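Derivation of every value follows stated rules applied to the coordinates shown; laboratory data play no part. Just so it is clear, the model here is predicted, and its values are computed rather than measured. Glycine also receives a Cβ, built like all others from the backbone with ideal geometry; neighbour counts cover every protein chain displayed.
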Amino acid sequence: MANQDIKNIRFYCDYVSYLLSRGVAQNTNFDVTATGGSGATATRGLQNGTEAELFDMRPLNLCDFDTSGDTDSKVLITLNLQSGSPKQTFIAILNHNSALSGMKFRVFAGDASSDVATVNGGAADTADVNWGNETITEIVNGDAIDTASDNKSFVVQPATDGSTIITFTEQSLQYWGIQFEGNSGGSILDVDETWSGSVDFAVANILIGEHYSMPVSPDLQLSRTIAFDKVNIQESLGGQRYSNTTSFGRQSSTTTRSPFTTNDDNYKNYGGRQIFDFAFSYLNSTDLMPDEYSRTDLDDDAVVEDVWNRVNGGALPMIMSVDDSSVGAGSESEHIFGRFNMPNGLVMNQVMNKIWSIKMKVEEEF
């Protein structure tokens, strides 16, 4: 979409980082499954980084795996979302080197831990989810998508290094497997393709959760600011000014990229931090608050349930799209990795019976 026109806002809030922030242990729940050995059924452990860092929401903090040392092995990440109550509609992989390392990834899920315990989703049960009957959609950099012939998994092949978002028909499954595997130019569904023999697979963060599109577009009176807020200008006694810049904003190189950056050189990035201020008027109370506030209602769809509470106000970052219809090639421009900056909280004003207005401020993260 040209010029980043703001249409309908969508939020992608990660459920794993939410669980971790509320006291759920990372170990045994969100793990890298490493069998050791070699060959097409072997799974690799971390070479640099920790399991916790895969979910720390710091997308320039890379973890890597020695895939070049065993080019037909797999990298299997298993997730236990604690119950089958939370809804899942998206997966995002931030700052990966799919093109350099030769990577595609496979997704499978189920209601038992055994469903995701083996490579290629071989133990998954189509009674839990038959991916042949579900709709899987590229949002950002998921150019090729196909469903395995046994319908137990689907495979996504990003076109470039960077970040990927895909959505799928709503699920409510406790256990998920995300398997990274080689992509050497054969069929996207081949399970015996190989990794690069010289570049190891690297990735920063893995996100899963339910995306939420605002039920109405923001008011026309909104603002977008691009702030170089890491520029410090000092003045000498003689009046000469000079600056010190600690960050220009998004980062990119041949080995790492800030979310939704599409080049390899810092000088090609637009600098500064994007800041969005917008208001939403005439929201139904059912779209704003959950039915009950005594406990979380994971079946409900509302701003507080699916967005504000999920990121603990401004405590956790999230992905935001300024146009939920922007998908596919070039859609990176409509997405930012950011967080709420609302120190006074989510202020809700009733404008008529059961009709409310709110304001939001979202700032890009580096």
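Assorted remarks:
- 28 Å Cα-Cα reach of LYS87 towards lysines, excluding residues that sit fewer than 8 places from it in its own chain: LYS7, LYS74, LYS104, LYS152, LYS354, LYS359, LYS361
- The order of the peptides 106-116, 297-307, 142-152, 203-213 by mean Cβ neighbours within 10 Å, most packed first, is 203-213, 106-116, 297-307, 142-152.
- Directionally averaged projected area (segment 1-70, Cα convex hull): 8.0 nm².
- Taking N as its residue count, the alpha carbon Rg of segment 18-121 over 2.2 N^0.38 Å: 1.10
- Pairwise centroid distance, computed over Cα atoms, of segment 225-249 with segment 339-356, Å: 35 Å
- Net charge contributed by nearby residues that have their C-beta within less than 14 Å of SER114 (K/R +1, D/E -1): -3
- Gyration tensor over alpha-carbon atoms, segment 233-366, equivalent ellipsoid semi-axes in Å: 36, 21, 13
- Rounded D (µm²/s) - segment 98-152, Kirkwood Rh over Cα pairs, Stokes-Einstein at 20 °C, 1.002 mPa s: 172 µm²/s
- 25 Å tail of the calculated P(r), segment 126-242, as % of Cα pairs: 48 percent
- Extent along the principal axes, Cα only, for segment 10-213: 41, 35, 31 Å, with the longest axis given first.
- Neighbourhood charge, 9 Å Cβ-Cβ cut-off, centred on VAL75 and excluding it, Lys, Arg +1 and Asp, Glu -1: +1
- Student exercise, segment 310-366 dipole from Lys, Arg, Asp, Glu Cβ charges, in Debye to nearest 20: 460 debye
- Environment charge of SER38, counting only residues whose C-beta is closer than 13 Å and scoring Lys/Arg +1, Asp/Glu -1: -1
- With Cα atoms defining each centre, segment 3-51 and segment 125-184 are spaced 15 Å apart in the structure.
- The chain - charge dipole about Cα centre, Lys and Arg +1 at Cβ, Asp and Glu -1, debye rounded to 20: 1200 debye
- Shape category assigned to the chain from the gyration tensor of Cα positions, a/c cut at 1.5: oblate
- The tail of the calculated P(r) for segment 271-342 beyond 14 Å holds 69 percent of all Cα-Cα pairs.
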